[in-house]
1. Of (1) under 23 Å from A53 (Cα atoms); (2) within 16 Å of the ligand (Cβ to nearest atom), A214 satisfies all except one. Which?
2. Please find, within segment 138-157, the residue that is nearest to the ligand (Cβ to nearest atom) out of those that are surrounded by fewer than 23 Cβ atoms within 10 Å (Cβ to Cβ) and over 16 Å from G209 (Cβ atoms).
3. Which count do you get for residues in segment 278-290 that are over 20 Å from R363 (Cβ atoms) and either open to solvent by less than 40 Å² (accessible area, probe 1.4 Å) or among the basic types (K, R) (or both)?
4. Is it the case that some residue within segment 4-16 is modelled with pLDDT of 95 or more, part of a helix (DSSP H, G or I) and surrounded by fewer than 17 Cβ atoms within 10 Å (Cβ to Cβ)?
5. Could you go through segment 128-137 and let me know if any residue there is open to solvent by 40 Å² or more (accessible area, probe 1.4 Å), more than 23 Å from P46 (Cα to Cα) and touching a residue at least 24 places away in the same chain (Cβ under 8 Å).
6. In segment 291-329, which residues are over 18 Å from P364 (Cβ atoms), open to solvent by 60 Å² or more (accessible area, probe 1.4 Å) and part of a helix (DSSP H, G or I)?
7. Out of the residues in segment 8-31 that are within 16 Å of the ligand (Cβ to nearest atom) and farther than 12 Å from I245 by Cβ, state the one that is farthest from the chain's Cα centre (by Cα).
8. Only one of these is at pLDDT 95 or above, among the basic types (K, R) and more than 21 Å from the chain's Cα centre (by Cα): R219, R271, R254. Name it.
Amino acid sequence: MTRPVLLNPGPAGTSVAVQHSLLRGDMCHREPEFAELLEAIRGGLPRALEVAASHEAVLLTGSGTAAAESAVVSAVRAGRGIVVVNNGVYGDRLAGIARAHGIPVHEVLQDWTRPVHPDQVARALREHADADAVACVHHETTTGLLNPVAEIGALVRDTEACLVVDAISATGIERPSVAALHADIVCGTANKGLHGLPGMSFLLLSEKGRTRAAEAPVRTVYLNAARHLAAQRNGDVLFTPAVQICYALDEALREFTDRGGYPVRVAEYERRAALVRDGFDRLGLDILVAPAHRAASVTALALPDGLDYAPLHDALRAEGYVIYPGQGPLSDRTLRVATMGELELSTLAAFVDVLGRSLARLRPARRAGRNPSTRP
Ligand SMILES: *Cc1c(COP(=O)(O)O)cnc(C)c1O
């Protein structure tokens, strides 16, 4: 069976070289060769994401949520609280993580299709003197929405609070770059914009972030950022890492850099977004988020009236494309198309054609009848 084209927001499609890197061979993580690999990745991540001068990487074995959990619990000292921007599933998850660890949460709420306003965050910081950190999602993958993280960073920078940014679906592929965010603890993952495999995630810590992580109480054994950092600085790891997934991340970082790094990849993602959105427009599909706030890597669309997600998904799956449902309260009436991972523009153009034919076939008869020529 040929593999379908993945248009889901991670795990994203990978190159043949990344897939083959899994076969580099068995390796003990307590030997010098792993220390070398660890150092290559810990150096490579901040270089690739253009924060080598300001941030230090910590590698974690686990999906992106492991990095998010490690970041939140490491950003808040004992007896203090956290301001969390919540305008989607992932902001909501950051709040849930804090609550699960008994950290008082002050939520800044916004509609799921609209960015938070930096003034809302400034107000929350004024109102909650206990706030030791602000946590915000850069790209809310729920709706393909960008939050104004750089503006939030500019106002958090002058306070005692640390800025935690869940950039898991943004690193390497969305604007602005990590360097512009003034973030103290950035969360990322191997298998979205970096085109690695699922199983490894990471933090990028500024000096303020590193100091804070050292001051925060040990709330978890597995995800304590300060302890991971101390071990990894010595070429060591606390627990058994996903060695082969590290091979893949190493290879993916090499490709990222060889192809021209962040400026080239982000421009490529913008070309992808323009291509599919032009197609969606021609097909009469409405994008949930206003143009000024759209991420490049995910487009959330309203389902046409009278059409359910499942038959559309199944029709596209039969043609070799995996799309993704909406989440939470949006799950009934939306679909998502991610243009993440190894993808050719020609593949996306072919997808738009197939989508058009599928919609013509599936839309209620009254509508499909208007366009009989596109029926197969
Ligand atoms: C994918 C994603 C995560 C983490 O999801 P995992 O399934 O744990 O990898 C967290 N935040 C955002 C914004 C994401 O897009």
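The values are calculated or read from the model by the stated rules, or taken from the named source; none is laboratory data. Since the structure is predicted, the reported quantities are computational estimates derived from the model, not experimental observations. Positions of Cβ are generated from backbone atoms using ideal geometry, with glycine treated the same way; all protein chains shown enter the neighbour counts. With ligands, DNA and RNA removed, areas are computed over all heavy atoms of the protein, side chains included. Shrake-Rupley method; radii C 1.70, N 1.55, O 1.52, S 1.80 Å.
1. Going through the list (1) under 23 Å from A53 (Cα atoms); (2) within 16 Å of the ligand (Cβ to nearest atom), A214 breaks only (2).
2. In this case the residue turns out to be L146.
3. Of the residues in segment 278-290, 1 are over 20 Å from R363 (Cβ atoms) and either open to solvent by less than 40 Å² (accessible area, probe 1.4 Å) or among the basic types (K, R) (or both).
4. yes
5. Among the residues of segment 128-137, at least one is open to solvent by 40 Å² or more (accessible area, probe 1.4 Å), more than 23 Å from P46 (Cα to Cα) and touching a residue at least 24 places away in the same chain (Cβ under 8 Å), which makes the answer yes.
6. P291, A292, H293, R317, A318, P329
7. G13
8. R219
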